[in-house]
Each structure stands twice: as structure tokens, then as C-alpha cells.
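Note sheet for the following structure.
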2 protein chains.
Amino acid sequence: MSINRKNSAIGVFDSGLGGLTVVKELIHQLPSENIVYFGDTARVPYGTKSKETIIRFSQENTMVLLDYRVKMIVVACNSSSSYAISNLERTFNIPIIGVIGPGSQKAAENTKNGRVGVIATSATIASGKYDDTIRRIDKNIKVFSKACPMFVPLVEQGWIRKKVTEDIALEYLIELKNKNVDTLILGCTHYPLLKEVIQKVMGGKVSLIDSAETVAAQVRNILEKENITRTREEKPRHRFIVSDKPQNFKDIANTFLGYSIKDVILRK
Amino acid sequence: MSINRKNSAIGVFDSGLGGLTVVKELIHQLPSENIVYFGDTARVPYGTKSKETIIRFSQENTMVLLDYRVKMIVVACNSSSSYAISNLERTFNIPIIGVIGPGSQKAAENTKNGRVGVIATSATIASGKYDDTIRRIDKNIKVFSKACPMFVPLVEQGWIRKKVTEDIALEYLIELKNKNVDTLILGCTHYPLLKEVIQKVMGGKVSLIDSAETVAAQVRNILEKENITRTREEKPRHRFIVSDKPQNFKDIANTFLGYSIKDVILRK
């Protein structure tokens, strides 16, 4: 493996901003790696779109990242991970990982009573991908799923701690609460921002699973296995590309990353 | 003007399904006209996107309709109407009308106390287009605007009469209610579906302005002025095209149109 390949960036894409939670964890666990992030803010959201359209958009996003000669791709979007991973693996000759596998793994390890809840967009829930993946890990685990289509607009509106947000959360989650799940997968990268209200509604004993941490750990494994971990000591470069509203991205990135981004590239 | 041109369809586009409220009114007022509708369901919503992206998408949608040799274009989307009309007029040699002008006209005629409210998506409100248009009609009218980004997801979730919908409506509308507006423009084609709850919150004396009726009247005027009104007696043809989820479009069209659609064309 050439030095060149090791220095190549990890490519991450999402339908919008949510995938920055994954970037944050990558920076934390792999501080030497170069990263290129693409957020498809012109076509966001994906969670209400069809399988075919999500696959097409995911292919196009992968090609944007390949223009930056990335060494692997992290699909940070749950809707894309649900529908497009196997298609992308067939189409592109590069390691590709999504967020469903790592999230499922973490949930399966965490549950004590064998009852796991999944909340996500309509597309992710309709795909049945979390159910399949968790049952393949442990067929005795019971999975209960619920689409929460209002959660993304709530986060984007910035209504994180409002009374109405709690009412909507209760409306969606009461079913899962009644099923007595002890582990709940936050199956959309926006949802960690609603952690507080979700925890309040579910009760303090339910573990909320955010896959970002496990995804980053798997990325590290893949880099090691493929022998493409970056070893140079110069400061790594983190680049951010969006298909719309770069200024808005800069404004909001701070909420996700905990630090501000100076340059955002607009790519139509 | 050739018979051929008269027989050409009226083209209507929207970011999604909402524009069907305009189609319904066109069918009602112009029952002989052929209509081609394009809903850009793969990239919906527009109301959260930038001016540049909305202009680009609107140009692409116009070109889809021109493939069907339409004789004029109705931009049923408020966000597109706010940002793209003058660009489309410069670019395409065909009559084009949006929904801002007709809605503003109707509101200006309706108000008695000279206080008009406008509710719409973030993009439409940010454009300031309703304010400008109403003040150009009557500079003494005071306009009060409010972006209501949760209304579209509420309609799409089907939460039309829920308690939480009323709470959100109150949150958005209390400001306008306190400004004592006697006329409220529903500046997004989704909002007429929330008429009941909006009326309840605003009180029975406030007139809700849905531009569809006025738009159809203006289309009739343009056709007459240009001498391109269809006169043939054969049954007209109404065609529906979407960029994603044709089945979903069929399922929901009934809510908007009051009758079901058999064939929907998918165009990527």
C-alpha cells in the first residue's frame, strides 16, 4: 500500500448535516486522518424518498467523494445505509461502511432483556434493515420499530427542548415504552440532538444507542485491516462540501462538531 | 394562433403535491383545458433551500414541462414563485405566472383594516416577495409575516386535526393574531389542508386567503388575452408526472383533487 493511499481522506456523506455526529467521533478516535464530508443539502431529506431515488442519490454522492480520491466511504445517513450499501459495494471498488451494522451490533451487546427499539425515518423503518441485522446477530432479540418523521423537522427548527417536542416524542415513543424495550437505537443522525427529551419520555433505565462511536471504531478496524491508516504527523485536513446553503452549514456545524468550520465548499 | 397551440396543455409545477390544489381550481374554472402537472417529489421540499438552488430546480422543472409543449406555465410552488419567476420569464419565451401576485391581489381586496398576515415556508418569507407585492398594490397596507416550517411536515405526516398541530399553530400564529390582522394569506400550497386548525387559532373573523382560485382566474385571463384558450369539445387530458414515488402520489392525490388518478409518470 502506497504512502499516498494512506494519506488519502476518509469520505463521509449524509443527506444533510446529521452525519457530522459521525465526523466528530472519527476526529476523536482517528485524530490523524484526513476527512472529506459531503452533505447533500440541496436534496435533503432522504428519509421520505423511495429506495430507487435514495440509491441514485447515494451513488452520486459517492462519486463526489471519489473526486477527492478518498480511501474509503462512510455512509453516515441511515436512509442511504438502509437501501444503498450493497449497491454501492457492487458498484465501487473501495471499502464502504454504513451505520446500520455498527448500531445494531452495539444494541445487541447492550440489551439485557432482549427487547430493542428502533426509531428512524420512514425510509429506514420501511427497509426493515435494522430488524434483519439485529436478528442476524442474535435471533432471540425482539425488535420494535417506529418511524418518527417529525423529529428531523423539529431538530431543524431548533425546537430541542420545547413542550411540543415532548408531546410529539410521547406520541411516537409510547408504543415502544409499553413494549418494555431496554435499549433504543437512535436510527437517524439527527436524533442524538433530541437525546434529552427522548430519554425523559423513555425513562432513565433505557439505553439510547447512537451509532457514531461504533462506526468510528469499525472505520479504525477497516483502516488497520487494509493497512491504510494514516501515519504522517502533519496536521490532518478536514474538508466540508455541501450541495446547498454553505453559510447555513457553517452556522449549524458548531452544534454538531463543537467547533466552527471556516471554509465550506459549494458543489452543485 | 394555430389550433395546435390552443390544444397545448397548461403546464403546472410544484416541489411536490401541494400544487394539486391549483390544478383542482384550474379544472373547475377551465374544464376544457389540457393540463400537465410536474411534482418534484425527489427534491421536495424547496422551502428550506437557497434562492440559487430554487432557481436552478425551477428552470429544470420548466424544461420538463416544455418537453410536453405546454402553452403556458403556472408555478404553483410559493418558494419558486418567490425567487424564480423573473428568472424564468427572462429565460423562457412563454407566459409564466406564479402564485404570489394572485394571492397578494386577493388579500389586498379583502382586507378592511389594512392589516394582512402572511404565513409560508422559510424561503418564501425570507424573499420578502409577498410584502413587496402587497405594498405595490396598496402602500397603506401593513404586512406581518411568519415562517411556519413545521406545517409542511405536519401535513405530510397526516396530522391535520391533532392537539399537537393546534399547539404548533398557536406557537406560530399568536404573533399575527396579536397584530390584529383581518386577512391571512396561506402562502404555501400545503397550508389549505390545515385551514380548520388555522381558522380556529386565528378566530372566525379572519379571512384565510388561498391563492388557487385567483391563480386560475388569472390563467383564464392570460389564455384569453393570448388567444390560446382551448375550444375543442373532446374531453381534455390531464397528465401527472413526478420525480419520485408515483404510487404515493396516486394515494395522496385524492385528498387534494377529490378524485383519483390512474396513471402517474415517473421522470428522474
Can you list, shortest first and in nm, the gaps between the label point of A:ILE174 and those of its counterparts in the other copies, using a point 7 Å from Cα in the C-beta direction? 2.4
Span from the the stretch A:132-191 Cα centroid across to the the stretch A:1-56 one, whole angstrom: 23 Å
Test item: A:45-53 mean partner chain Cβ contacts at 10 Å: 5
To one decimal in nm, how far is B:ASN4 from the same spot in the other copies, if labels go 7 Å from Cα toward Cβ? Please give the shortest first. 5.7
Can you pull the mean other chain C-beta count within 10 Å for peptide A:164-177? 2
When the convex hull of the C-alpha atoms of chain B is computed, what volume per residue in Å³ does it have? 121 Å³
Burial-style ranking of B:32-44, B:79-91, average other-beta-carbon count within 10 Å with highest first, yields B:32-44, B:79-91
Taking a ≥ b ≥ c as the square roots of the eigenvalues of the Cα gyration tensor of the stretch B:1-46, is the shape rounded (a/c under 1.5), prolate (a/b larger than b/c) or oblate? oblate
Beta bridges per DSSP with both ends in the protein assembly as shown, % antiparallel, nearest 5: 0 percent
In vacuum, with every alpha carbon of the protein assembly as shown counted as one equal point scatterer, what does the Debye formula give for log10 I(q)/I(0) at q = 0.08, 0.12 Å⁻¹? Two decimals, please. -0.56, -1.14
If we count other beta carbons within 10 Å of each Cβ, what is the order of A:GLU233, A:GLU171, fewest first? A:GLU233, A:GLU171
On alpha-carbon atoms, Rg over Rh for the stretch A:31-163 using Kirkwood Rh? 0.99
Excluding B:LEU88 itself, calculate the net charge of residues whose Cβ lies under 12 Å from the Cβ of B:LEU88, where each Lys or Arg counts +1 and each Asp or Glu counts -1. 0
Mean projection area, nm², convex hull over Cα of the stretch B:156-243: 9.1 nm²
Provide an ascending nm list, one decimal, of label-point separations from A:SER260 to the equivalent residue in each further copy; define each label point as 7 Å from Cα along Cα→Cβ. 5.6
Under the classification rounded if a/c is under 1.5, otherwise prolate if a/b is larger than b/c and oblate if not, where does the stretch B:11-106 fall, given a ≥ b ≥ c as square roots of the Cα gyration tensor eigenvalues? rounded
Please tell me which of these pairs span more than 21 angstrom C-alpha to C-alpha: B:LYS24/B:LYS162; B:LYS49/B:LYS163; A:LYS106/A:LYS142? B:LYS24/B:LYS162; B:LYS49/B:LYS163
Using Cβ contacts closer than 10 Å as the measure, can you line up A:ASP244, A:ASP14, A:ASP263, B:ASP210 from fewest to most? A:ASP263, B:ASP210, A:ASP244, A:ASP14
For A:LEU208, residues with placed amide H under 5 Å, excluding near neighbours: A:LEU184
Please report Rg over Rh for the stretch A:100-211, where both radii come from the alpha carbon positions and Rh follows the Kirkwood definition. 0.94
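Only the coordinates and a few stated rules stand behind these numbers; no lab work does. In this text the structure is predicted, and so the values were computed from the model without any measurement. Methodologically, a virtual Cβ is constructed for each residue, glycine included, from the backbone with ideal geometry; neighbour enumeration extends over all protein chains shown.
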